[in-house]
Amino acid sequence: MISLPVVIISVVLFFVLFFGIGFLLNMLLRMSWIMAVIYPIVCLFIVNKEKWIRYVEAPGEAFSGLFDRVASLAAADIFILASGMAGALLSGITIKALRKRGYQMF
């Protein structure tokens with residue numbers, strides 16, 4: 001069980017972290033939604049417990065274990081990961097709004 005202060009700090013940390021990473025990637029690569037596309041893959045890296053070679057040697061077992069692991073996440077974990085996705089989406093919205101108003105990023 002995760003304590004409430006840990007959840008609150010984690011939510012803020014994930015939001016700010018992925019907003020910042022998404023903002024920088026959007027600014028440098030000029031692709032407004034790049035982090036929103038990459039973030040689900042990052043979530044799978046976070047949740048994953050298998051060695052990567054298992055996805056080549058026994059993909060059926062490895063992917064089924066990964067899906068079971070994702071399905072068994074606690075509500076606090078889902079809330080924390082969702083806050084990261086919100087940060088990634090908000091970075092895309094922010095970049096689009098800044099570009100619409102005439103700010104040129106690199």
Picking from G20, G60, the residue that is in a helix (DSSP H, G or I), exposed (fewer than 12 other Cβ atoms within 10 Å of the Cβ) and either at negative phi or in contact (Cβ under 8 Å) with a residue 12 or more places away in the chain (or both) would be G60
Can you give me the number of residues within the range 25-48 that are modelled with pLDDT of 90 or more and aromatic (F, W, Y)?
1
Tell me yes or no: at least one residue of the range 27-37 is outside any helix (DSSP H, G or I) and in contact with a helix residue (DSSP H, G or I) (Cβ under 7 Å, 6 or more places away or on another chain).
yes
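The values are calculated or read from the model by the stated rules, or taken from the named source; none is laboratory data. Please read these numbers as outputs of a predicted model, since none were measured by experiment. FYI the Cβ positions are ideal-geometry reconstructions off the backbone, even for glycines, and counts take in every protein chain you see.
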